[in-house]
1. How much accessible area per residue does the chain have, counting only protein heavy atoms and a probe of 1.4 Å, in square angstrom?
2. Sort LEU310, LEU273 by heavy-atom solvent-accessible area, probe 1.4 angstrom, most to least.
3. Whole angstrom only: what separates the Cα centroid of the range 313-327 from the Cα centroid of the range 344-397?
4. Probe radius 1.4 Å, ligands and nucleic acids left out: which of ILE356, ILE96 has the largest accessible area, and how do the rest follow?
5. For the chain, report the translational diffusion coefficient in µm²/s to the nearest whole number, using Stokes-Einstein at 4 °C, 1.567 mPa s, and a Kirkwood Rh over Cα pairs.
6. Where Rh denotes the Kirkwood radius from the mean inverse Cα pair distance, what is Rg over Rh for the range 142-181?
7. Size of the range 338-433 along its principal axes in angstrom, Cα-based, largest extent first?
8. Just by accessible area at a 1.4 angstrom probe, what is the order of PHE409, PHE428, PHE343 from largest to smallest?
Amino acid sequence: MNKLSTLCIALSACLGTVGCTSKTTDATPTAAVSNIEFLAFGDGGYHVDYPKTKHISNPKNEQQFIAAELADWLEDYRPRDEFDHAPIYIYPDTDIATEQGGAQAVGIAMAKLCESKNCQFAIQLGDNVYPDGADADDGKDDQKRLYDLVYAPLEPLFLADPNLVVYSALGNHDWQSSRKGVALQTQWMAQQPNFFMGENGYYSYKMGEPGNDVEFFVLDTNMLLAGQTFYEVPLNPDGSEGDLQQAIENGTAELEIHDEHEGPQNGEDLAQLTWLEQGIASSTAKWKLVYGHHILWSIGGTKYSEGHVLRKLLMPTLCKYADGYIAGHEHDLELLTDDCSKFDSGNSIGKLPLIISGAASKMRGTHTPFAQYQERQYPEYDLLWSKSFVWGFSHINLDNQANNLGVSFYTTPRDLSGKVIEEGHFSFAKRTR
């Protein structure tokens, strides 16, 4: 019996009736409920016991660590009065400082929220294993690493609901070390009843009863970016995007060079794009949601070159068929829309919601001058809400009575208590086609 068939049986016992259909994965579960409600979180795979090599080889005390964070902040032309940093962790019996992780606190907070809200399943938005994926060359056991970084933070959820399943995507840190690292993570999840990831790194699955269901299309956006050639161009002092040709001429543009193991093999990036376009076009589900690690738009100020690339690859398909796109990558919470005026063929109505929920363990600030620049420069883009320098997650509700997509954002405080703080709720009428 395959894993998803087992999940169908478990869901049947829990929810009454379940239909299981076959698509790109084996048997995909659907839950017989009127509305579809789930958690969305990303970038949760960070813990101080698994630091970046530079934090050990070039250690800093607390004062030096904060000073370095400030220097990076100012180098990107961010306002000095908006500077903040994550809580600081000091390694025992040393004065070595690093960023405190919030994954455990977020896991507790999600479990607490699910005591009062329906959480039928969860989606994990990549960067599940920091900093170098599951095959990191640090002398640590990979099975323990995967348990510590992926399972342990979510254990409160699984204790409350042993049948809850997390459907995971891959991020750039999951790809960091090798293809072996990606395979290790995928194989580990195949052995865990509470996790699922398609063996190709991209896959689809359905939830809900026929007529009120949703089909998710999970992307490996790192693979898509690795198949493209593009430059990272620094921002201008006023927060506007630098001119590419000028940056190339003066040497400030950096060619984005992916490690050899990240490069698509046998056209697998193009195959993924074809799979998405054909799959979402032929989907009979009422709702169609796409998620992956990388953003299409954001206000972080460091990922915009990737956004330009992915918009060209994905927006024509998303605007035509999708009801929303969900991402991590930016370690904050954001809600944006794109009116699809640059990519739509004219047969869909409604702005495309773009949900960023990448604050499950690390914190990042926004770039206010860049955010203001985007509002001026791109009429198709709109920033509705954001929260930076927080740990948090989102809860999404597909309301089949009102035909609305609702998203609520939550944070949890820096004291690691796991307290749930509601930040805001937003609702979008279902896009029509």
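The values are calculated or read from the model by the stated rules, or taken from the named source; none is laboratory data. None of these values were measured; they are calculated from a predicted model. All Cβ positions, even for glycine, are placed from backbone atoms using ideal geometry, and neighbour counts span all protein chains on display. Keep in mind that these areas ignore ligands, DNA and RNA; they rest on the heavy atoms of the full protein, side chains included. Shrake-Rupley method; radii C 1.70, N 1.55, O 1.52, S 1.80 Å.
1. In whole numbers, the chain has 40 Å² accessible per residue.
2. Highest to lowest solvent-accessible surface, that is LEU273, LEU310.
3. When both Cα centres are located, 14 Å separates them.
4. Reading off the accessible areas and sorting them downward yields ILE96, ILE356.
5. It diffuses with D of about 59 µm²/s by this estimate.
6. 1.04
7. For the range 338-433, the Cα spread along each principal axis is 49, 39, 16 Å.
8. PHE343, PHE428, PHE409
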